[in-house]
1. Output the number of residues of region 106-147 satisfying the condition of being crowded, with 21+ Cβ neighbours inside 10 Å and not in a helix (DSSP H, G or I).
2. Within region 285-324, track down each residue that is under 24 Å from the mean Cα position of the chain (by Cα) and basic (Lys, Arg).
3. Determine whether region 161-170 contains at least one residue that is assigned to a loop (DSSP other than H, G, I, E, B) and more than 22 Å from residue 282 (Cα to Cα).
4. Being crowded, with 21+ Cβ neighbours inside 10 Å, assigned by TED's automatic domain parsing to the domain that holds residue 250, part of a loop (DSSP other than H, G, I, E, B) and among the aromatic types (Phe, Trp, Tyr), is that true of even one residue in region 198-217?
5. With (1) modelled with pLDDT under 85; (2) within 13 Å of the chain's Cα centre (by Cα); (3) under 30 Å from residue 31 (Cβ atoms) as the list, and residue 237 as the residue in question, which single condition is left unmet?
6. Any residue at all in region 77-90 that's in contact with an Asp or Glu (Cβ under 8 Å, 6 or more places away or on another chain), assigned to a strand (DSSP E or B), more than 28 Å from residue 157 (Cα to Cα) and touching a residue at least 24 places away in the same chain (Cβ under 8 Å)?
7. Do any helices (runs of 4 or more DSSP H) lying entirely in region 251-368 carry at least 1 residues that are touching a strand residue (DSSP E or B) at 6+ places or on another chain (Cβ under 9 Å) and within 30 Å of residue 109 (Cβ to Cβ), and which ones are they?
8. Which one of these is within 16 Å of residue 34 (Cβ to Cβ) and not basic (Lys, Arg): 96, 52, 68?
Amino acid sequence: MTILQANRKGSPVASASSRTADVEAFILQHVPKHPGDIARVAAEHFGISRQAVNRHLKRLIDEGKLVATGATRNRQYAPAPLVVEVFELQVTPKLAEDVVWTERVGPLLRGLPKNVEEICYHGFTEMLNNVIDHSGSPTVEVLITRSTAEVVMGIVDRGVGIFRKIARDLALEDERHAILELSKGKLTTDPTRHSGEGIFFTSQMFDEFALVSGTLCLLCDHGKSWLLDKKKPVFSGQANVYTDEGTVVRMMISVFSPRTLVEVFDRYSDKDEDYGFTRTRVPVALARHGSENLVSRSQAKRLLARFDRFKEVLLDFAGVEMIGQAFADEIFRVFRKQHPDVQITWAHAGPDVEKMIRRARSAGREQA
């Protein structure tokens with residue numbers, strides 16, 4: 001239990017200095033999402049006046065931890081930038097992702113909490129290695145920004161484009177299918193050198209992970225995945241980043257994140273046997289194009305592709321209001337009968353989706 005939780009539940013009041021630290025840490029942690037109303041949010045959270053919060057805001061500004069813009073009524077706050085670094089590298093056989101981290105990136109992120117630094121190291125080296133091994137790009141651009149609240153890392157190449165390459169190498173009908181397959185994990189176009197786990201696990205480690213190529217974007221927000229097109233904003237508060245060729249990777253994590261590498265690996269691994277990557281979470285909405293409904297067996301088969309490589313599959317129905325009888329039957333009766341060792345569970349299913357799932361499962365039990 002944290003000091004904040006203890007105080008709110010009636011435990012002894014922390015010292016004034018601890019209280020100040022708690023309030024100011026809360027402000028820094030939440031101001032990226034609440035630039036215009038952080039005073040209200042903090043006041044409600046701690047049960048204190050806005051005037052008291054304003055004193056904390058002034059102190060953070062005076063200490064160089066926060067910046068403010070605009071007049072009093074329309075004042076906006078943001079974490080103070082500590083690092084803004086952009087550099088370009090030639091992609092050659094001698095380029096090594098760990099050396100780039102040690103010499104160029106790691107020094108910029110010194111002083112981060114150990115768990116956050118480890119996640120940054122893992123994500124950066126995995127994504128830069130993908131550029132080196134897969135992209136065919138002559139150069140790679142690296143962008144590192146660090147503030148008092150978060151770290152953002154960007155990797156931009158001018159290669160073939162990740163979705164295009166996957167669709168081409170795996171003979172997929174559409175680049176959107178590549179996004180669906182990436183969201184499952186265990187996907188690689190070069191199995192002799194890669195396990196296909198890098199992008200999946202990296203996307204689960206960061207608060208925000210975006211993979212942009214052409215007009216498409218795979219956006220993972222705190223572990224939940226979405227397919228966006230160029231008509232929708234990719235990054236809150238920032239201009240869209242789209243490229244006719246190549247791939248853009250953006251990874252963001254709060255410096256206050258409690259997440260650890262071990263926690264993420266444990267969530268999708270079999271701890272009882274060989275610690276293999278045996279569990280996955282699949283956003284069902286990625287199986288459809290645009291606003292189409294998920295009704296056919298072919299759509300279900302597209303979703304089910306490679307499920308047999310896992311022991312447990314969690315289907316996330318967020319954003320899916322209905323499914324058809326044939327779609328549900330293919331997943332919850334046909335596939336289940338053909339692959340009894342694969343456990344399929346589901347989450348965020350609305351009433352109409354639940355009805356179809358129960359109907360398909362009931363038909364399966366009657367035939368058993």
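The values are calculated or read from the model by the stated rules, or taken from the named source; none is laboratory data. Remember, predicted model here, so these are calculated numbers, not experimental data. Positions of Cβ are generated from backbone atoms using ideal geometry, with glycine treated the same way; all protein chains shown enter the neighbour counts.
1. Residues flagged as crowded, with 21+ Cβ neighbours inside 10 Å and not in a helix (DSSP H, G or I) within region 106-147 amount to 3.
2. Of everything in region 285-324, those that are under 24 Å from the mean Cα position of the chain (by Cα) and basic (Lys, Arg) turn out to be 288, 302, 306, 309, 311.
3. Filtering region 161-170 down to residues assigned to a loop (DSSP other than H, G, I, E, B) leaves 161, 170.
Subsequent filtering for residues that are more than 22 Å from residue 282 (Cα to Cα) retains 161.
Looking through region 161-170, at least one residue is assigned to a loop (DSSP other than H, G, I, E, B) and more than 22 Å from residue 282 (Cα to Cα).
4. So far as region 198-217 goes, yes, one or more of its residues are crowded, with 21+ Cβ neighbours inside 10 Å, assigned by TED's automatic domain parsing to the domain that holds residue 250, part of a loop (DSSP other than H, G, I, E, B) and among the aromatic types (Phe, Trp, Tyr).
5. With (1) modelled with pLDDT under 85; (2) within 13 Å of the chain's Cα centre (by Cα); (3) under 30 Å from residue 31 (Cβ atoms) applied to residue 237, the lone miss is (2).
6. Among the residues of region 77-90, at least one is in contact with an Asp or Glu (Cβ under 8 Å, 6 or more places away or on another chain), assigned to a strand (DSSP E or B), more than 28 Å from residue 157 (Cα to Cα) and touching a residue at least 24 places away in the same chain (Cβ under 8 Å), which makes the answer yes.
7. On the way: elements: 261-267, 297-304, 325-329, 351-367.
So the answer is 261-267.
8. Working: 96 fails: within 16 Å of residue 34 (Cβ to Cβ); 52 fails: within 16 Å of residue 34 (Cβ to Cβ).
That would be 68, the only listed residue that is within 16 Å of residue 34 (Cβ to Cβ) and not basic (Lys, Arg).
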